[in-house]
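To start, the structure itself, in structure tokens.
The values are calculated or read from the model by the stated rules, or taken from the named source; none is laboratory data. Predicted model, so just to flag it, every value in this text is computed and none were measured. Backbone-built Cβ (ideal geometry, glycine too); neighbour counts: all protein chains shown.
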Amino acid sequence: MIMRQKSSTEKARELRKKSTDAERLLWRHLRAKQLEGLKFRRQQPIGDYIADFVSFDKQVIVEVDGSQHVVRKAKDDHRTKWLEERGFKVLRFWNNDVMKNIAGVLRVIRNNC
């Protein structure tokens, strides 16, 4: 049996269904233009990557990282550089920051938009 590779859209759909608690919490505050009327999309394919959250109007990407990102720093740095070269500003927050300081996270996002 030959397995076909999943498209970015299919991967993004899967990620939406498997969101972490921190991603779900942040999405509750970003969805439906609740933050300063800004439109965000979640699990959005951009090139070969899938951004956790993106505002195309403001060219801001928000990434919510778990502990696995400690060992993937070089990969994340490469990805961030690629996105920045295309005009995006990338904001990264640890899951713990989102869960324990959502007001502070939202303030940083607001200030960068």
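The set of residues in the range 89-113 that are of a type in the set (D, E, K, R) and either on the phi > 0 side of the Ramachandran plot or over 13 Å from the mean Cα position of the chain (by Cα) (or both) comprises 97, 100, 107, 110.
If you go through the range 99-113 and keep only what is more than 20 Å from residue 21 (Cα to Cα) and surrounded by 11 or more Cβ atoms within 10 Å (Cβ to Cβ), you end up with 110, 112, 113.
Among (1) closer than 17 Å to residue 28 by Cβ; (2) not in a strand (DSSP E or B), where does residue 111 come up short? Of everything listed in (1) closer than 17 Å to residue 28 by Cβ; (2) not in a strand (DSSP E or B), residue 111 misses just condition (1). Just one of the listed residues (58, 81, 73) is over 15 Å from residue 25 (Cβ atoms), of a type in the set (D, E, K, R) and in contact with a helix residue (DSSP H, G or I) (Cβ under 9 Å, 6 or more places away or on another chain), namely 58.
For the range 82-95, taking the residues that are touching a residue at least 24 places away in the same chain (Cβ under 8 Å) and surrounded by fewer than 16 Cβ atoms within 10 Å (Cβ to Cβ), the one that is nearest to residue 39 (Cα to Cα) is identified as 89. Quick one: would you say residue 74 is surrounded by fewer than 15 Cβ atoms within 10 Å (Cβ to Cβ), over 9 Å from the mean Cα position of the chain (by Cα), modelled with pLDDT of 90 or more and of a type outside the set (Val, Ile, Thr)? It is false that residue 74 is surrounded by fewer than 15 Cβ atoms within 10 Å (Cβ to Cβ), over 9 Å from the mean Cα position of the chain (by Cα), modelled with pLDDT of 90 or more and of a type outside the set (Val, Ile, Thr). Can you find a residue that is closer than 17 Å to residue 22 by Cα, out of contact with any Lys or Arg (no Cβ under 9 Å at 6 or more places or on another chain) and not in a strand (DSSP E or B) anywhere in the range 38-54? No, the range 38-54 contains no residue that is closer than 17 Å to residue 22 by Cα, out of contact with any Lys or Arg (no Cβ under 9 Å at 6 or more places or on another chain) and not in a strand (DSSP E or B).
Yes or no, residue by residue, for (1) surrounded by 12 or more Cβ atoms within 10 Å (Cβ to Cβ); (2) in contact with a strand residue (DSSP E or B) (Cβ under 7 Å, 6 or more places away or on another chain); (3) not charged (D, E, K, R):
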position	(1), (2), (3)
33	no, no, no
52	yes, yes, no
66	yes, no, yes
80	yes, yes, yes
97	yes, no, no
